[in-house]
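What follows is a single structure, written as structure tokens, with notes after it.
The values are calculated or read from the model by the stated rules, or taken from the named source; none is laboratory data. Owing to the predicted nature of the structure, the values given are computational and were not obtained by experimental measurement. Glycine also receives a Cβ, built like all others from the backbone with ideal geometry; neighbour counts cover every protein chain displayed.
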Amino acid sequence: MVRTSRIEGFYKLSMEDRLKIVKDFGGLTDEEALALIGFQGLDPSIPDKMVENAIGSFALPLGIAVNFAVNGRDYLVPMAIEEPSVVAAASNAAKMARERGGFFTSSTSPVMIGQVQIVGIKDPSRVKHLILEEKQKVLDLANKQDPMLIKLGGGARDIEVRVIDTPRGPNVIVHLLVDVRDAMGANAVNTMAEAVAPLLEGISGGRVHLRILSNLATHRLARARAVWSKESIGGEEVVDGVIDAYHFADSDPFRCATHNKGIMNGIDSVIIATGNDWRAIEAGAHSYAARTGSYKPLTTFEKTPEGDLVGTIELPMAVGLVGGATKVHPTAKACIKLLGVKGAQELGEIAAAVGLAQNFAALRALATDGIQKGHMTLHARNIVASVGCPPELVDEVCRIIVAEKKIRMDRAQEVVEELTRKKK
């Protein structure tokens, strides 16, 4: 069977039929397919191992984004999110991108930064040079802390030394650059930072204070690029509209906050579905967006010489496939198997592609019908469900309140009551 993520009418199928397609695509076992359903929650023993004071688990809707082609390979992408229209928007954006080959991605090595803060320094420039002169000693000591990481080809690669001014005097900040391979890397990096602290105190004559990983992972970037033909997205006017929307975000932090939030709608849902740390990804993304001193979009949109739309994205992507929930949570494990990724860098690149797709879909909607048209149609189903509408009336009630543009709980309740009386 040819593996393709291009599945026409996937959203029209029943949940059971969708699950069967996903199971076959990912080569999942019955147990793994059941883990994707997740209605029964986790085995009670699992939450108790994952967090303190556990009393149960909390489920999010798990959707599948279809149509994704990344570097010539098809993916069905799991997305855990409660917001309507996100999965549909990503799928539609991916469908339109397929005409020009889908998404093309790249990434840097999986290098994380461990920060060691040295205080009580009166001559920081001299100390900076002293530490750099002893770089190999620092790296050798760091690499003694994790023989398995070294065996896998990772380890501390280099150091950077920065001098920053604070209200309490200058700080010398040592960055330990660690290739963490397929791990997110926090534990390995923090252990190394702790280990080299006494050595750095001896070299500097100062006092080490904080020793902690940074989530602004500027050495661990994921990038994605896609072209949407002007014909597939509605013409040159739409191309210009998307570019104008991008420039609005590039020029105004109030708009840019929402622009980047839309990107993270897509990325976070993939990160959550695969059991990764979405708070770390959020922190890194927004810090990276502000790295120049001004808050900027994580994406760019331009017009090709042929008049088509090209979008790109670049952001830190500290994701892992070993350790943490990725190896404990059965749904996360099933999602990773469905994706079929071979390494953490591949997972990060897919997440970046989804973020780009999500952003394109939002800007296209804003530049044409407005964001509410598609979003509110899906939101109506949430409203109707919240008033206890009988299943057989859901579609009709949604149609009525959307047509009236009164997508409110009070109106949904009124329509349910009116239709119920008529049927009696």
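Listed here are the residues, each with its yes/no results for (1) hydrophobic (A, V, I, L, M, F, W, C); (2) within 27 Å of F301 (Cβ to Cβ).
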| residue | (1), (2) |
| --- | --- |
| A186 | yes, no |
| A195 | yes, no |
| S204 | no, no |
| T218 | no, yes |
| P253 | no, yes |
| C256 | yes, yes |
| I272 | yes, yes |
(message) Being part of a helix (DSSP H, G or I), in contact (Cβ under 8 Å) with a residue 60 or more places away in the chain and out of contact with any Phe, Trp or Tyr (no Cβ under 7 Å at 6 or more places or on another chain) is the filter here; which residues of the range 227-242 pass it?
(response) K230, S232, I233, E236, V238, V239, D240, G241
(request) For the range 281-291, indicate whether the set of residues that are touching a residue at least 40 places away in the same chain (Cβ under 8 Å), in a loop (DSSP other than H, G, I, E, B) and of a type outside the set (D, E) is non-empty. (result) yes
(request) From (1) surrounded by 17 or more Cβ atoms within 10 Å (Cβ to Cβ); (2) of a type outside the set (F, W, Y); (3) over 24 Å from G355 (Cβ atoms), pick out the condition that doesn't hold for M15. (result) (1)
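Within the range 310-328, how many residues are outside any helix (DSSP H, G or I), at pLDDT below 95 and on the phi < 0 side of the Ramachandran plot?
Result for the range 310-328: 1.
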(message) Can you find, within the range 376-424, the residue that is nearest to the chain's Cα centre (by Cα) among those that are basic (K, R) and surrounded by fewer than 16 Cβ atoms within 10 Å (Cβ to Cβ)?
(response) R408
(message) Out of the residues in the range 181-221 meeting the condition of being among the polar types (S, T, N, Q) and in a loop (DSSP other than H, G, I, E, B), tell me which one is nearest to the chain's Cα centre (by Cα).
(response) N215
(request) Go through the range 87-108 residue by residue and tally those that are out of contact with any strand residue (DSSP E or B) (no Cβ under 7 Å at 6 or more places or on another chain) and either of a type in the set (S, T, Y) or crowded, with 22+ Cβ neighbours inside 10 Å (or both). (result) 2
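In this structure, does A334 turn out to be under 30 Å from F248 (Cβ atoms), small (G, A, S) and crowded, with 21+ Cβ neighbours inside 10 Å? Show your work before the answer.
On the way: under 30 Å from F248 (Cβ atoms): no; small (G, A, S): yes; crowded, with 21+ Cβ neighbours inside 10 Å: yes.
When the stated conditions are applied, A334 does not pass them.
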(message) Out of A224, A245, A156, I need the residue that is assigned by TED's automatic domain parsing to the domain that holds P316, at negative phi, surrounded by 18 or more Cβ atoms within 10 Å (Cβ to Cβ) and assigned to a strand (DSSP E or B). Which one?
(response) A224
(message) Only one of P253, P305 is within 23 Å of the chain's Cα centre (by Cα) and either over 25 Å from E99 (Cβ atoms) or at pLDDT 95 or above (or both). Can you tell me which?
(response) P253
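Does any residue of the range 329-340 turn out to be part of a loop (DSSP other than H, G, I, E, B) and assigned by TED's automatic domain parsing to the domain that holds S91?
Within the range 329-340, the subset part of a loop (DSSP other than H, G, I, E, B) is 329, 340.
Among the residues that remain, those that are also assigned by TED's automatic domain parsing to the domain that holds S91 are: 329, 340.
Yes: the range 329-340 contains one or more residues that are part of a loop (DSSP other than H, G, I, E, B) and assigned by TED's automatic domain parsing to the domain that holds S91.
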(message) So E83 ticks every box in (1) part of a strand (DSSP E or B); (2) surrounded by fewer than 20 Cβ atoms within 10 Å (Cβ to Cβ); (3) assigned by TED's automatic domain parsing to the domain that holds V22 but one. Which box is left unticked?
(response) (1)
(message) If I ask for residues that are under 21 Å from A94 (Cβ atoms), assigned to a loop (DSSP other than H, G, I, E, B) and modelled with pLDDT of 90 or more, which ones from the range 1-59 would you list?
(response) T4, S5, R6, I7, E8, G9, L13
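For the range 105-140, what are the residues that are outside any helix (DSSP H, G or I) and farther than 15 Å from N171 by Cβ?
T105, S106, S107, T108, S109, P110, V111, M112, I113, G114, E134
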